[in-house]
1. How many partner chain Cβ atoms sit within 10 Å of a residue's Cβ in peptide A:236-242, on average, as a whole number?
2. What lysines could a cross-link reach from B:K90, if we take a straight Cα to Cα line under 23 Å and drop same-chain neighbours fewer than 8 places away?
3. Residues of the stretch A:356-399 with amide nitrogen under 19 Å from the 7 Å Cα-to-Cβ point of A:N12?
4. Please work out the Cα center distance from the stretch A:437-457 to the stretch B:105-159, rounded to the nearest Å.
5. How many Cβ atoms of partner chains, on average, are near each residue of B:144-155 if near means within 10 Å of its Cβ?
6. Where a Cα-Cα gap under 16 Å defines reach, which lysines qualify for A:K28, not counting those fewer than 8 residues away within the same chain?
7. Going by average Cβ neighbours within 10 Å, how do the peptides A:306-318, A:288-300 rank, with the highest at the top?
8. Could you tell me the distance between the Cα centroids of the stretch A:229-258 and the stretch B:29-52, to the nearest Å?
Amino acid sequence: MAKQFTKVAYANLDDFVYGSCPNPVTTKSGMVIGGGVVYPEINFTLPGMDINDVTMPKAATIYSNIIEGVLKRAAELYAPGVLIEFETLPDFTEHPKYGIEVNRILLNGMKEASEKYGLKTAIRTTPNDLREFSRPPIMRSGKYWETMLELYEQCAKDGSDFFSIESTGGKEIHDSALVKADIRLAIFALGVLGCNDMEFLWKHLVDLSNANSCFAAGDSACGFANTAMVLAEKGFIPHVFAAVIRVTAVPRALVAFEQGAVGPSKDCAYEGPYLKAITGSPISMEGKTAAGAHLSPIGNIAAAVADTWSNESIQQVKLLSEMAPVVAMEQLIYDCRLMNAATLNGQQVMFRDLLVQSDSALDVQAYVLRPDVVMRISSELVKTQDNFLRTKLAAQLTVAELKKAIIEGKVKSDKRDMKWLEKMEKAIESIPDDPNEFYYEMKSVLDMDKFIPSEYGL
Amino acid sequence: MATLNDVSQCVLDGDLDGIKSLVQSLIDDGTDPIVIINDGLIAGMNIVAPLFKSGEMFVPEVMESADTMNEGMKLVKPLITDGDIPSKGKIIIGTVNGDLHDIGKNLLVMMMESRGYTVIDLGVDVKEEAFSAAVKEHKPNIVGMSSLLTTTMMKIESTIKQLVVDGVRDQVKIIIGGAPVTQEFADDVGADGYSDDASTAVELCDRMMSDQSSSEALSA
């Protein structure tokens with residue numbers, strides 16, 4: 001039986017802060033995520049290289065060097081604990097033996113750091129969603145589904161604390177919606193295909209994690225909303241469209257929590273503040289310190305209600321000071337120190353509001369992450385339990401919120417933004433409330449070569 | 001009476017409903033179909049491209065313009081024999097082996113087609129041998145490859161090596177792109193050009209085709 005979220009997790013906006021939440025999660029090493037302290041979450045990747053049987057020993061050595069380097073620096077800087085994310089490369093999921101080997105290297109590095117420095121650590125294992133390697137994607141069976149589950153299961157048995165994924169159900173349709181800035185198509189991809197797939201996927205992942213003493217942590221709309229953000233940053237699509245997509249992706253990500261995920265949600269899930277507002281679970285976020293991986297207009301505000309603070313990813317390359325992952329580790333620790341110092345001084349809300357104020361008026365994508373906006377929209381989203389209607393409602397509420405903010409001069413806008421918001425408003429209004437009726441309507445514009453309806457329970 | 005300028009403006013406006021009657025009117029008036037393509041439809045897209053590059057148009061608007069141009073082309077193409085349809089050149093495009101990221105690649109396909117190139121889109125996760133076979137089959141002027149991952153970017157190099165082994169490397173120019181790819185990487189793996197977005201990739205191809213025409217003229 002799936003959980004239902006019928007009200008938001010906070011009664012008071014001042015309680016909606018970074019570092020703590022109503023439902024914290026305790027790791028195997030005793031880190032309490034969401035228990036008062038913001039922890040750094042470090043992620044890293046290989047430099048440009050092939051992955052195969054011949055190169056794996058080199059890849060293993062690189063990962064060994066990375067984990068040794070980042071945890072040494074974390075100990076030197078007295079980090080209260082470190083969450084490591086092992087976000088696999090596609091080869092590591094396609095060939096689980098590679099992914100399992102690297103996960104073990106990281107677990108071993110964590111054990112050594114505990115023995116050597118007394119450093120608390122935890123690991124989030126994030127296999128790739130390779131189901132889209134089949135075109136059209138095969139979502140519920142087949143080689144890619146099996147290898148992904150094999151990797152999850154063995155990593156959990158070996159000691160991983162958390163499971164995450166950037167799942168891709170519906171992405172094959174959503175990509176077209178983004179480049180066309182077609183909100184109807186995006187709502188279909190997220191609210192019908194995405195939500196249906198999340199129900200199927202996360203039921204399996206929660207069962208697998210429960211059976212192996214591991215936490216199902218959460219998903220990310222990376223392939224959806226972050227792609228929109230990157231396209232907007234390049235000037236390819238309107239920023240208001242990306243902002244609306246960000247919130248429209250919330251109901252899809254919420255499905256993981258309905259199925260039993262407990263957080264911390266995935267770092268690149270910028271929909272995290274909404275998840276925290278609704279579920280009371282801890283969230284991971286990334287912002288300015290993830291600039292080595294991608295740029296964004298939300299560098300500070302992303303930290304406003306974060307429980308772990310991430311760098312997204314960084315290649316093992318040498319910078320002037322040190323290897324890049326070590327540099328990222330240091331940056332994250334200093335960010336977290338400042339936030340935690342403000343908490344100790346009783347200035348947590350003030351610091352949160354500075355993080356918010358410094359970004360929220362400068363870009364519509366930042367504006368929709370304001371805690372007050374998050375709480376206002378979340379309070380409406382919990383009034384319906386239908387994922388499709390929730391998705392439609394999320395888009396509708398965000399358009400209204402942005403129109404009001406632009407008219408009132410609360411956020412910078414492009415002269416074309418209002419035209420796009422009105423275009424979206426009309427398109428959303430034309431969507432029927434019955435998902436089956438909507439699917440029937442959409443059939444004429446859907447590229448049926450791109451997806452298999454039965455893989456989404458349609 | 002419709003003019004070629006009206007057609008260009010219609011393409012710029014992305015006016016799908018209006019383009020058919022305008023193009024049909026020009027055909028009925030006896031305007032050379034090639035002129036309608038070059039001085040009306042493609043001329044419209046030639047206005048769109050700089051507006052996109054300067055940030056005055058978004059991709060969805062460019063796509064509407066491209067769709068409008070294609071709608072007009074549907075009326076004109078049957079009036080021209082295949083060999084007479086103007087093409088700036090032929091390009092094969094694909095995302096390399098092991099990589100599924102294709103938004104950037106799809107944008108490039110759209111931009112290239114709308115600028116008058118003949119594009120063969122090989123899709124995603126394209127094996128080295130498939131690129132090579134496509135070069136042999138389609139005899140393109142340019143091969144474009146993209147990769148978004150640090151691991152799959154190495155497949156660009158292996159694809160170029162495959163083209164060398166199969167003896168077709170010298171028949172084409174190679175352009176590459178994608179988040180981890182740089183000009184330095186392009187130089188290292190022996191690509192002929194690098195671009196960091198779709199619109200500059202079109203300009204790169206224009207320069208390559210222009211250089212090719214110049215050298216052909218010199219050797220003639």
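1. Taking all residues of A:236-242 together, the mean is 3.
2. B:K53, B:K74, B:K77, B:K105, B:K127, B:K136, B:K139, B:K155, B:K161, B:K173
3. A:371-373, A:375-376
4. Value for the Cα centre distance between the two parts: 28 Å.
5. Working: counts 0, 0, 0, 1, 0, 7, 10, 13, 6, 3, 5, 1.
Taking the mean over all residues of the peptide, I get 4.
6. A:K111, A:K120, A:K157
7. Numbers: A:306-318: 24.0, A:288-300: 19.5.
So the order, starting with the most tightly packed, is A:306-318, A:288-300.
8. 36 Å
Bear in mind these aren't lab numbers, they're just calculated from the coordinates by the rules spelled out. Computed from a predicted structure; not experimentally measured. Positions of Cβ are backbone-derived with ideal geometry, glycine not excepted, and every protein chain shown enters the neighbour counts.
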